[in-house]
Amino acid sequence: MDGSVTPPTRVSLADGTFRRDGSPYFAVGFNYHPSQAGCAYWRTWDPRTLDADFRRMAELGFNTVRFFVFWADFEPVEGVYEAEKTGRLRELVRIAERHGLHCLPSLLTIWMNGQRFEPPWRRGRDLWHDESMVERQRAFVEHIAGVLRDAPNVLAYDLGDEVIHVDSEASAALSPDQVRRWWALLAGAIRAADPAALVLQANEATAVTGGHAFRPEHAGPLDLVGLHGFPVWTPFHIEAVDSVKASSFVPYLVRRGRADAAVLVDELGSYGCDEATAARYLRATAHSALAAGAAGTTVWCWQDFTTEDKPYALRPNERFVGLVAADGRLKPAMDAYREFAARATGELAGFAPAPAAVGVFLPEDDPGEAAYLATGGSGEAAAFYAHLLLQRAHLPYAFARPDELDRYALVICPSVRHLSLPDQQRLRAYVAGGGTLLYSTGDLLHAFGGEDLFGVRIRDYTLDPAAADSFTWQGVRYPVHRPPGQIPLLQAAGADVLAAFPGGAPALTRHRYGHGTAYHLSAPLEEGINAPYRLEQAPWHLLYAGLADAAGVEREFTADEPSVETTVLHRGAERCAVVVNHASATVFTTLRRPGGPAAERAGTEVVLEPKGVLLVRWNA
């Protein structure tokens, strides 16, 4: 082995992050198919290309390669494993080891770039309900893990990349318990064959934003989850790859996932933009994802493709999203990613998200069994825009589990459509114990949180949007955007009215309950921002900032520009603010450390280029 290469060893997980030999380890690398072979590399085997590509990855400063075990190649006949392909798998992992790379094999690969690579013998059998197919999956992942159990450089096993899309209707119909059982069966088979294994299952953004059960909150049988998101595929009206929302999207997925599991961003990148835009997007998004608590990132993908075979014949533009051009030229995004990789594995190693003072609590969904009565807890748009407003207010926050509300000084329930009695009781207990709650509503009946907690009651409703289309608080006018329908008209029943709608009904109220305070906003503030260009139409974040001040929330680091993120990470007594300009334009902003010396409280003026990143370090 080359003496300049550190031999990779197995990693473990602790507090949502990887550890190698007891030290923090951030996985950073690429999704990989060879340029000429594409998805056919197990059949058109070329170890020299693998060796050259993996050597170059390592020389550029990366430590991880994610590759795909196409099930049809490895089990061409049901129950019969291809010995030659198995040998090639071992060889690929050994080549990666030679260059100091960890491997993330994605098993049960059928779905790739919008097309299926079917084992010819499956014949449409359901992956989750057909017992024979479930057994074949169990046996296959056990076989692969057995092949690699002695490899020192397996980072983790992915059960199957976006496997939900092999049969979207069948996967969407699974209950959380059924998904947990499937995950547990396959993860157990891998661990039986390879006791040192970490196991994940990777899905695109619908793992957070969609309605299926393959979600982080159900991932107990796994060690971590794989999440990927691209700004062109989102329900949140992201205006451009260069927009503020775009580079904030993947960090949002990470924060949502980390409420329940460790998160690996195993696909990161952009489509539909030029090389300069892609570089800016990757720089801002990667740093922000790390600041949000990601355990690692792997970019989609290593190199542009010269092959014209499946799936690129049908989707030819998939050939051009590599960070290396087909002729070997490094694209601008590679420079941005190399800078990030050096930081993530160097000066930022071991830093972790600081304890959050603000929690975002998403009430449980109505299961939808009540026909016209059915509603959702908080829509996905509500959660995403709450994330954006907190980021713009420079408030330290996390998505809160139901049983952990007491750890937060301020809890936000955004644009609630439905509140169950158990969640209502949780919120009462939280406020009674001394917490501060901001609760915004998105439904006349099912979102009302109770007169005793909020000190307001529903007087009637109206269909006149002009009666409740705005309110003013602390000198700021907030327009209200609602879907057509019934608008609740409240009246105070013990609460202080802080702001009223044009028709006179209370808009924002404050009620003392037990030892705490409950603020009630009779408007779906967060959900209403989900429209193109609406985020910048008003300083929405000032509402969050004002209530956080009232709750005594302290900020370790701030900027006076809303588009600049200032997430603070901790490493013992060390602090590092990851300052990210999410805007597409250069910004001039003043950075402040409110708890620091006088000069730092007064602030330092800085210039940040579009999607630029700055690290500011100090000791507590």
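The values are calculated or read from the model by the stated rules, or taken from the named source; none is laboratory data. Owing to the predicted nature of the structure, the values given are computational and were not obtained by experimental measurement. In this analysis, Cβ positions are derived from the backbone assuming ideal geometry, glycine residues included, and neighbour counts consider all displayed protein chains.
At a glance:
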| quantity | calculated |
| --- | --- |
| Options E78, E84, E97; residue that is touching a Pro at 6+ places or on another chain (Cβ under 7 Å), surrounded by fewer than 22 Cβ atoms within 10 Å (Cβ to Cβ) and assigned by TED's automatic domain parsing to the domain that holds Y157 | E97 |
| Enumeration of residues in segment 575-594 that are closer than 19 Å to L388 by Cα and not in a strand (DSSP E or B) | H582, A583, S584, A585 |
| Residue check, P465 surrounded by fewer than 19 Cβ atoms within 10 Å (Cβ to Cβ), farther than 22 Å from G504 by Cβ and either in contact (Cβ under 8 Å) with a residue 60 or more places away in the chain or in the same structural domain as N530 (by TED's automatic domain parsing) (or both) | no |
| Test: A599 is surrounded by fewer than 22 Cβ atoms within 10 Å (Cβ to Cβ) and in contact with a Ser or Thr (Cβ under 8 Å, 6 or more places away or on another chain) | no |
| Residue satisfying all of: in segment 497-508; touching a Leu at 6+ places or on another chain (Cβ under 6 Å) and in a strand (DSSP E or B); farthest from L547 (Cα to Cα) among these | P506 |
| Subset of segment 19-34 (residues that are in contact with a Ser or Thr (Cβ under 7 Å, 6 or more places away or on another chain) and either buried (at least 22 other Cβ atoms within 10 Å of the Cβ) or β-branched (V, I, T) (or both)) | F26, A27, V28, G29, F30, N31, P34 |
| Residue match in segment 156-164 (condition: under 30 Å from R20 (Cα atoms), at pLDDT 95 or above and assigned to a strand (DSSP E or B)) | yes |
| Options G442, G485, G475; residue that is surrounded by 14 or more Cβ atoms within 10 Å (Cβ to Cβ) and either in the same structural domain as V411 (by TED's automatic domain parsing) or over 31 Å from the mean Cα position of the chain (by Cα) (or both) | G442 |
| Only listed residue being surrounded by fewer than 21 Cβ atoms within 10 Å (Cβ to Cβ), out of contact with any Asp or Glu (no Cβ under 9 Å at 6 or more places or on another chain) and in a strand (DSSP E or B), chosen from D460, D452 | D460 |
| Residues within segment 393-419 that are part of a loop (DSSP other than H, G, I, E, B) and in contact with a His (Cβ under 9 Å, 6 or more places away or on another chain), tallied | 6 |
| Scope segment 34-62; condition assigned to a loop (DSSP other than H, G, I, E, B) and either of a type in the set (K, R) or more than 18 Å from A333 (Cβ to Cβ) (or both); matching residues | P34, Q36, A37, Y41, W42, R43, T44, W45, D46 |
| Residue in segment 503-516 that is surrounded by fewer than 22 Cβ atoms within 10 Å (Cβ to Cβ) and aliphatic (A, V, I, L, M) present | no |
| Meets criteria (among the acidic types (D, E), crowded, with 22+ Cβ neighbours inside 10 Å and under 21 Å from Y252 (Cα atoms)) for E526 | yes |
| Checklist (1) in contact with a His (Cβ under 6 Å, 6 or more places away or on another chain); (2) surrounded by fewer than 22 Cβ atoms within 10 Å (Cβ to Cβ); (3) at pLDDT 95 or above; (4) hydrophobic (A, V, I, L, M, F, W, C) applied to W111, failing item | (3) |
| In segment 320-335, the residues that are in contact with an Asp or Glu (Cβ under 6 Å, 6 or more places away or on another chain) and either charged (D, E, K, R) or over 17 Å from D274 (Cα atoms) (or both) | K331 |
| Candidates A139, A96, filtered to the one that is among the small types (G, A, S) and either more than 28 Å from the chain's Cα centre (by Cα) or in a loop (DSSP other than H, G, I, E, B) (or both) | A139 |
| Boolean, R125 is surrounded by fewer than 19 Cβ atoms within 10 Å (Cβ to Cβ) and within 32 Å of the chain's Cα centre (by Cα) | yes |
| Where V199 falls short, out of the listed (1) surrounded by fewer than 20 Cβ atoms within 10 Å (Cβ to Cβ); (2) in contact with a Leu (Cβ under 9 Å, 6 or more places away or on another chain) | (1) |
| Residue in segment 306-317 that is at pLDDT 95 or above, aromatic (F, W, Y) and touching a Lys or Arg at 6+ places or on another chain (Cβ under 9 Å) present | no |
| Verdict on V65 being surrounded by fewer than 20 Cβ atoms within 10 Å (Cβ to Cβ) and closer than 26 Å to P311 by Cβ | no |
| Matching residues in segment 340-352 - criterion: being out of contact with any helix residue (DSSP H, G or I) (no Cβ under 7 Å at 6 or more places or on another chain) and not β-branched (V, I, T) | A341, A342, R343, G346, E347, A349, G350, F351, A352 |
| Residue among A538, A523 that is at pLDDT 95 or above, part of a loop (DSSP other than H, G, I, E, B) and farther than 21 Å from V411 by Cα | A538 |
| Residue match in segment 420-434 (condition: surrounded by fewer than 21 Cβ atoms within 10 Å (Cβ to Cβ), on the phi > 0 side of the Ramachandran plot, out of contact with any Lys or Arg (no Cβ under 6 Å at 6 or more places or on another chain) and outside the structural domain of A583 (by TED's automatic domain parsing)) | yes |
| Selection from segment 207-245 of residues that are under 25 Å from P396 (Cα atoms), touching a residue at least 60 places away in the same chain (Cβ under 8 Å) and among the aliphatic types (A, V, I, L, M) | V208, L224, V244 |
| Meets criteria (at pLDDT 95 or above, over 11 Å from the mean Cα position of the chain (by Cα) and either farther than 24 Å from V580 by Cβ or buried (at least 22 other Cβ atoms within 10 Å of the Cβ) (or both)) for G257 | no |
